[in-house]
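Shown next, in structure tokens, is the structure this report addresses.
The values are calculated or read from the model by the stated rules, or taken from the named source; none is laboratory data. Quantities reported herein were computed from a predicted structural model and do not represent experimental measurements. Neighbour counts run over all protein chains shown; Cβ positions are idealised from the backbone, glycine included. Quick note on the areas: whole protein, heavy atoms, side chains included, nothing else; ligands and nucleic acids left out. Shrake-Rupley method; radii C 1.70, N 1.55, O 1.52, S 1.80 Å.
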Amino acid sequence: GENVEQHPSTLSVQEGDSAVIKCTYSDSASNYFPWYKQELGKGPQLIIDIRSNVGEKKDQRIAVTLNKTAKHFSLHITETQPEDSAVYFCAAFSGYSTLTFGKGTMLLVSP
Amino acid sequence: DVKVTQSSRYLVKRTGEKVFLECVQDMDHENMFWYRQDPGLGLRLIYFSYDVKMKEKGDIPEGYSVSREKKERFSLILESASTNQTSMYLCASSPGGGLNQPQHFGDGTRLSIL
């Protein structure tokens, strides 16, 4: 089955800096890659997703890039704000079952 | 907006009890999922359902069962609760057209088994 590795497990940045979280996947047939943000006491919320026929997708301060050859995808957050502090999960869908999630990255944005 | 509602935010039960966790979605989604979330282990799929009365095992189904009698409701059942089932349980739903669709999560039930 699919295996998703996510790095780093924790990330601390200053407000205004950029943050990058990286994930690698094992199954070259994977074709859908969502990113979720989980705030304390809440369920994960979809923030952006990308399909395998696209290399990059942007939504305001958030972007996701996909490198199918290297089998990795990344979340980029620019001009970080304290309210960006949360746990972020990547996931991949390979067609065998459902989404396989990474283990999460705790992002802390300091004012 | 999609709303996935889990019936309890916190639940405390005793070892050996039969425990029911309920989940309701209001967007007429075909697919529904149950995950458990543990520190350092991320989200692990317990069961999912792609239609009424249909169910499929996920990665960690042992000790659990599910029921989907109506499209909007998906129940997780702990047949005989054990302390190693203390965890955060998350329900999600997604539209039809395949399983590679965005999943929408509820806010979770934190279950403690004493």
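Electrostatic bookkeeping for residue A:32 treats Lys and Arg as +1 and Asp and Glu as -1; over the other residues with beta carbon under 13 Å from its beta carbon, the sum is 0. Placing +1 on the Cβ of every Lys and Arg and -1 on the Cβ of every Asp and Glu, with nothing else charged, gives chain A a dipole about its Cα centre of roughly 300 debye. Share of carbon and sulfur in the accessible area of the range B:51-114 stands at 47%, probe radius 1.4 Å. For the range A:1-99, chymotrypsin sites (Phe, Trp or Tyr not before Pro) meeting the loop criterion (DSSP other than H, G, I, E, B) and having at most 16 other Cβ atoms within 10 Å: A:96. Taking amide H atoms as placed 1.01 Å from N in the peptide plane, the amide H of residue B:107 lies under 5 Å from those of A:43, B:6, each 5 or more residues away in sequence or on another chain.
Close Lys pairs in the range B:1-113 (alpha-carbon distance under 19 Å; sequence gap of 8 or more, or different chains): 8. Across peptide A:33-43, the average count of Cβ atoms from other chains found within 10 Å of a residue's Cβ is 3.
Where both partners of a DSSP beta bridge lie in the protein assembly as shown, what percent of those bridges are antiparallel, to the nearest 5? Before the final figure, lay out each step's value.
Values: 72 of 81 bridges.
Of the beta bridges lying entirely in the protein assembly as shown, close to 90 percent run antiparallel.
What chain B shows is 48 Å² of accessible area per residue, with the surface traced by a 1.4 Å probe over protein heavy atoms.
Under the definition of Cα pairs under 8 Å and six or more residues apart, what whole-number percent is the relative contact order of the range A:45-111? The normalised contact order for the range A:45-111 reaches 22 percent.
In square angstrom and rounded to 100, what buried accessible area do you get between chains A and B, total over both, with the probe at 1.4 Å? The partial results should precede the final answer.
Details: alone 6310 and 6250 Å², together 11030 Å².
Roughly 1500 Å².
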